[in-house]
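Peer 1: Questions regarding the structure given below will be posed in turn.
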Amino acid sequence: MFVSPAFADSTNDGADIKADIRFLYVQPGQTLHNIVRRLYPGQEARWPQLRRDIVRLNPSSFVNGNESGMKAGVRLTLPAREVPRIALKRVGDVVAAVGQVAAVGPDKVSRKLKSGEGVYVGDKLITGEDGFLRLAMIDNAKLDLRCFSIMVIEEYAIQNTDRRSILKLLQGSLRKVTGEIGKLADDVYELQTPVASVGVRGTEYALRVFQSKGCGGTIDTDDDGLFLQVIKGLVDVKNEAATTVVAKGNQLYIPLPDAAPVKKDIDPRVLEPAQSEADDDDGVSWWWYVLGVALIAVAL
């Protein structure tokens, strides 16, 4: 970016100076202190380091490397704009992790999840073919994320005036016991999927979507629509076609986002594994598969 000399004039009030300016032409009479003060207002604690950084980036523009010996008429390269780190909000803990499970944070950095580690708002959770993840959330909700799953924690808050849980299951299987969020009338609870959104009122349910291949003890299906079983309480299911209330003991199937939900008997093996994930062999490596899924998930 080219910066005109007028922007750096010592008589300028600095209103047009922005911290993302990358180059600046020095005029006679200017000092480095004056330039830093105008470019980075309100950041007094950083000024000494910024002056040192500018001298380091422009060694030929200062006599003997002295910040008070800045030459007139030179073009200064300024430090890159400092981007503040995202304040991560921890909203749950990993209770159990089997097989290959990972999280991709808002910064697009992937990390392998282990028992005792935290999960945060903005995390994209990924499980492989042998993967299983059990979470304990801040509102005492319990969530099992099974194989071939990708889920994003969009929002999670339990303050007195802001109780909300918004999760996005892009694909996969989960079983969830809801916690405190969802018990009060003003609570916001939503599980979003590509086929439909699920809202609850103090319940336990199992769901599978966009996953025709069975894994972890479940069976294959003829399609990758949404399969839902309500174990306790009530569930509201909404898509482009309709809104349906599903009660305890009932099951529901939706083939497409614009297709009406259908209450039907679903083979229990579609939603529940024939074996416990906790009994799986953690030594089996599916890391290359998960890495491929993680790369796709980052791009979603």
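The values are calculated or read from the model by the stated rules, or taken from the named source; none is laboratory data. All of these numbers come straight from a predicted model, not from anything done at the bench. FYI the Cβ positions are ideal-geometry reconstructions off the backbone, even for glycines, and counts take in every protein chain you see.
Peer 1: From the list SER173, SER165, SER115, which one is part of a strand (DSSP E or B), within 23 Å of GLU272 (Cα to Cα), hydroxyl-bearing (Ser, Thr, Tyr) and touching a residue at least 12 places away in the same chain (Cβ under 8 Å)?
Peer 2: Of the residues listed, the single one that is part of a strand (DSSP E or B), within 23 Å of GLU272 (Cα to Cα), hydroxyl-bearing (Ser, Thr, Tyr) and touching a residue at least 12 places away in the same chain (Cβ under 8 Å) is SER173.
Peer 1: Scan region 77-96 and give yes if some residue there is touching a strand residue (DSSP E or B) at 6+ places or on another chain (Cβ under 8 Å), closer than 30 Å to ILE35 by Cβ and modelled with pLDDT of 85 or more, otherwise no.
Peer 2: yes
Peer 1: Follow-up. Given GLY202, GLY216, GLY179, which one is on the phi > 0 side of the Ramachandran plot and buried (at least 18 other Cβ atoms within 10 Å of the Cβ)?
Peer 2: Result: GLY216 is the single residue among GLY202, GLY216, GLY179 that is on the phi > 0 side of the Ramachandran plot and buried (at least 18 other Cβ atoms within 10 Å of the Cβ).
Peer 1: Within region 96-110, is even one residue touching an Asp or Glu at 6+ places or on another chain (Cβ under 9 Å) and closer than 26 Å to PRO261 by Cβ?
Peer 2: Within region 96-110 (the criterion being touching an Asp or Glu at 6+ places or on another chain (Cβ under 9 Å) and closer than 26 Å to PRO261 by Cβ), the answer is no, since none of the residues qualifies.
Peer 1: If you don't mind, another one. Hey, any hits in region 72-84 for a residue that's under 30 Å from ILE166 (Cβ atoms) and hydrophobic (A, V, I, L, M, F, W, C)?
Peer 2: Checked against the condition, which is being under 30 Å from ILE166 (Cβ atoms) and hydrophobic (A, V, I, L, M, F, W, C), region 72-84 yields at least one hit.
Peer 1: Would you check which residues across region 47-77 are touching a Phe, Trp or Tyr at 6+ places or on another chain (Cβ under 8 Å), in contact (Cβ under 8 Å) with a residue 12 or more places away in the chain and not aliphatic (A, V, I, L, M) and list them?
Peer 2: TRP47, LYS71, GLY73, ARG75, THR77
Peer 1: A follow-up question, please. Looking only at region 190-213, decide whether some residue is in a loop (DSSP other than H, G, I, E, B), at pLDDT 90 or above and over 28 Å from the mean Cα position of the chain (by Cα).
Peer 2: Among the residues of region 190-213, not one is in a loop (DSSP other than H, G, I, E, B), at pLDDT 90 or above and over 28 Å from the mean Cα position of the chain (by Cα), which makes the answer no.
Peer 1: Select from region 135-161 the residues that are closer than 12 Å to SER173 by Cα and not β-branched (Val, Ile, Thr) and write down the one among them that is nearest to the chain's Cα centre (by Cα).
Peer 2: Taking the candidates together, the pick is MET151.
Peer 1: Considering only residues of region 176-189 that are assigned to a strand (DSSP E or B) and hydrophobic (A, V, I, L, M, F, W, C), which is farthest from the chain's Cα centre (by Cα)?
Peer 2: The selected residue is VAL177.
Peer 1: So, one more: Which residue pairs have Cβ atoms closer than 7 Å, lie 6 or more positions apart in sequence or on different chains, and pair a first residue in region 208-221 that is in contact (Cβ under 8 Å) with a residue 12 or more places away in the chain with a second residue that is surrounded by fewer than 18 Cβ atoms within 10 Å (Cβ to Cβ) and hydroxyl-bearing (Ser, Thr, Tyr)?
Peer 2: Filtered contacts from region 208-221: THR221/SER212.
Peer 1: Right, something else. Restricting to region 231-286, and then to whatever is under 22 Å from PHE132 (Cβ atoms) and among the small types (Gly, Ala, Ser), can you tell me which residue is modelled with the highest pLDDT?
Peer 2: Once the filter is applied, the top-ranked residue is ALA274.
Peer 1: May I pose another question? In region 89-112, how many residues are in a strand (DSSP E or B) and buried (at least 19 other Cβ atoms within 10 Å of the Cβ)?
Peer 2: Result for region 89-112: 9.
Peer 1: Checking the structure you have, find out if any residue of region 173-181 is at pLDDT below 95, of a type in the set (Ser, Thr, Tyr) and closer than 21 Å to GLU117 by Cβ.
Peer 2: no
Peer 1: Residue by residue through region 134-156, note down the ones that are surrounded by 17 or more Cβ atoms within 10 Å (Cβ to Cβ) and either free of Cβ contacts under 8 Å to residues at least 24 places away in the same chain or closer than 15 Å to ALA97 by Cβ (or both).
Peer 2: Those that are surrounded by 17 or more Cβ atoms within 10 Å (Cβ to Cβ) and either free of Cβ contacts under 8 Å to residues at least 24 places away in the same chain or closer than 15 Å to ALA97 by Cβ (or both): ARG134, LEU135, LEU143, ASP144, LEU145, ARG146, CYS147, SER149, MET151.
Peer 1: If the requirement is being assigned by TED's automatic domain parsing to the domain that holds LYS168, modelled with pLDDT under 95 and on the phi > 0 side of the Ramachandran plot, which of these qualifies: GLY131, GLY105, GLY99?
Peer 2: After applying the criteria, what remains is GLY99.
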